[in-house]
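Shown next, in structure tokens, is the structure this report addresses.
The values are calculated or read from the model by the stated rules, or taken from the named source; none is laboratory data. Owing to the predicted nature of the structure, the values given are computational and were not obtained by experimental measurement. Here the Cβ is made from the backbone with ideal geometry for all residues, glycine too, and neighbour counts use every protein chain on show.
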Amino acid sequence: MPTAIEIFAGCGGLSSGLKNAGFEILSAVEINPVAAQTYQQNHPEVNLVIEDVCKIKASYFLNHFNLKRGELDLLAGCSPCQGFSRLRKGESANNDPRNQLVFEFLRLVRGLLPKTIFMENVPGLINTERGLKIFMPVKKALEKLGYHIDYDIIDTASYGIPQFRKRFVLLGSRYKKHPIHIPKPTHADPRKILPFNQLRPWNTVRQAFSNLPPLHNGEKNRQLPLHHCSCNGATNLQRICAIPHDGGSRSSLPPDLVLQCHLKYPNGYRDVYGRMSWDRPSPTITGGCTNITKGRFIHPTEDRGISLLEAALLQTFDSNYTFCGNFGQIALQIGNAVPVELARIMGLQLAECLTQIKGHA
């Protein structure tokens, strides 16, 4: 069984996917105590280090697991990405200290020299000027260490996740004879699928929500505690009821329900107060995914925002995954996670590469 260490582990989406791909997670590092509690609840066998990754040395892992430099199969990490977001501008984004955490991944790669590596982040890491200033030195350093890397911006809907979510993904192998490549997409818009291209239709919101009971505004299901949605006030509930089912938007609101900010800037943030569509993937699930003022997060037909469980299912967590913390903390953990199925798909590609490496060692 290939071994992995994960940094910036969050609530465990990446670890869940890697485990589903056959990896043994030796250790994980997470600084947030609530996210760490969630991780520990679901991955009790993993050596979880609740600490700032900047304080963790490679020698800790080598000594703790009796590893030699170069023996670890995979180092994976998805550093906090807020500083690279296109929504942030100016000095606060450029000087966000979290931007530098990508270099902590590089530092541990140097110290552990794993056979393969996996990075995930927002597209802004390679399509913004501030992101490229960070990424290009990391890329050159990885290549200097001997890694063959493949990276791209992918959309998770193209890999069977019921969610449009564009992410930067990097896979790397330290063995030139066994390079690794990002898997080709497997799913597409059913209207564009041709008989000979072997792609499958997108997975959709309808498929993700298919086994869930109805829920009312602010309600919490007793049998499924995570099936819990936020309580919208009377005016917002009026707005929700006025939005057409199955993909409707705030453009359909009567004048007396339109917010002043939307009257002033009608084309800004058009997805807010919008409904999801049943037969398409959802929009990107964020830390504000249960708040109808943060995006297209209204249920396709029920008059409420989506529940925590629905958000988790769109992130491809198992329905029985346990989350710790209050409502807002759980929503943030779900939104920040790597979709489990994306991690599994990339994990299978990494595992195949490792099998080839070991077969020719």
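Of all residues in the stretch 1-22, those satisfying the criterion of being in contact with a Leu (Cβ under 6 Å, 6 or more places away or on another chain) and in a loop (DSSP other than H, G, I, E, B) are Pro2, Ala21. Applying a threshold of 8 Å to beta carbon distances and a minimum spacing of six or more residues, or different chains, the list of pairs starting in the stretch 310-322 at a residue that is small (Gly, Ala, Ser) and ending at one that is in a helix (DSSP H, G or I) reads Ala311/Ala331; Ala311/Ile334; Ala311/Gly335; Ala312/Ile334; Ser319/Leu309; Ser319/Ala312; Ser319/Leu313. Note on the stretch 330-355: among residues that are of a type in the set (A, V, I, L, M) and under 12 Å from the mean Cα position of the chain (by Cα), the one that is surrounded by the fewest Cβ atoms within 10 Å (Cβ to Cβ) is Leu332.
Among the residues making up the stretch 182-206, those that are over 29 Å from Ile149 (Cα atoms) and hydrophobic (A, V, I, L, M, F, W, C) are Ile193, Leu194, Phe196, Val205. Scanning the stretch 176-204 for residues that are within 30 Å of Glu143 (Cα to Cα), polar (S, T, N, Q) and surrounded by fewer than 12 Cβ atoms within 10 Å (Cβ to Cβ) yields no hits at all. Out of the stretch 2-33, which residues are among the aliphatic types (A, V, I, L, M), closer than 19 Å to Ile56 by Cα and out of contact with any strand residue (DSSP E or B) (no Cβ under 8 Å at 6 or more places or on another chain)? Hit for the stretch 2-33 is Ile31, nothing else. Checked against (1) crowded, with 16+ Cβ neighbours inside 10 Å; (2) under 26 Å from Ser319 (Cα atoms); (3) touching a helix residue (DSSP H, G or I) at 6+ places or on another chain (Cβ under 7 Å), Leu215 passes all but condition (3). Residue under question is Tyr269, and the condition is that it be closer than 19 Å to Leu215 by Cβ and among the hydroxyl-bearing types (Ser, Thr, Tyr); does it hold? It is false that Tyr269 is closer than 19 Å to Leu215 by Cβ and among the hydroxyl-bearing types (Ser, Thr, Tyr). Of the numbered criteria (1) more than 23 Å from the chain's Cα centre (by Cα); (2) outside any loop (DSSP other than H, G, I, E, B), the one Pro213 fails is (2). Against the list (1) over 26 Å from Asn326 (Cβ atoms); (2) under 26 Å from the mean Cα position of the chain (by Cα), the condition Val205 fails is (1). Only one of the numbered conditions (1) surrounded by 24 or more Cβ atoms within 10 Å (Cβ to Cβ); (2) in contact with a helix residue (DSSP H, G or I) (Cβ under 6 Å, 6 or more places away or on another chain) is violated by Ser307, and that is (2).
Of all residues in the stretch 23-39, those satisfying the criterion of being part of a helix (DSSP H, G or I) and either touching a Cys at 6+ places or on another chain (Cβ under 8 Å) or buried (at least 20 other Cβ atoms within 10 Å of the Cβ) (or both) are Val34, Ala35, Ala36, Gln37, Thr38, Tyr39. So is Thr186 at pLDDT 95 or above, hydroxyl-bearing (Ser, Thr, Tyr) and more than 20 Å from Asp152 (Cβ to Cβ) or not? The answer is no for Thr186. Within the stretch 247-293, take every residue that is over 23 Å from Ala331 (Cα atoms) and among the small types (Gly, Ala, Ser) and give me the one that is surrounded by the most Cβ atoms within 10 Å (Cβ to Cβ). The qualifying residue surrounded by the most Cβ atoms within 10 Å (Cβ to Cβ) is Gly248. Within the stretch 65-78, does at least one residue satisfy the condition of being within 25 Å of Leu171 (Cβ to Cβ), at pLDDT below 95 and either of a type outside the set (Asp, Glu) or touching a His at 6+ places or on another chain (Cβ under 6 Å) (or both)? For the stretch 65-78, residues within 25 Å of Leu171 (Cβ to Cβ), at pLDDT below 95 and either of a type outside the set (Asp, Glu) or touching a His at 6+ places or on another chain (Cβ under 6 Å) (or both): present. In the set (1) of a type in the set (A, V, I, L, M, F, W, C); (2) under 23 Å from Pro162 (Cα atoms); (3) out of contact with any Pro (no Cβ under 8 Å at 6 or more places or on another chain), Leu259 fails one condition alone, (2).
Quick grid of which residues meet (1) out of contact with any Pro (no Cβ under 9 Å at 6 or more places or on another chain); (2) at pLDDT 95 or above:
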residue	(1), (2)
Leu132	yes, no
Pro137	yes, yes
Tyr147	yes, yes
Ser173	no, yes
Trp202	no, yes
Ser251	no, no
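Tell me which residues, restricted to the stretch 231-246, are small (Gly, Ala, Ser) and surrounded by 11 or more Cβ atoms within 10 Å (Cβ to Cβ). Ala242, the sole residue that qualifies. Is it fair to say Gln315 is under 24 Å from Gln207 (Cβ atoms) and either within 17 Å of the chain's Cα centre (by Cα) or modelled with pLDDT of 95 or more (or both)? For Gln315, the condition - under 24 Å from Gln207 (Cβ atoms) and either within 17 Å of the chain's Cα centre (by Cα) or modelled with pLDDT of 95 or more (or both) - is met. One residue stands out in the stretch 42-66 among those that are more than 22 Å from the chain's Cα centre (by Cα), in contact (Cβ under 8 Å) with a residue 24 or more places away in the chain and assigned to a loop (DSSP other than H, G, I, E, B): the one that is nearest to Ile357 (Cα to Cα), namely Phe65.
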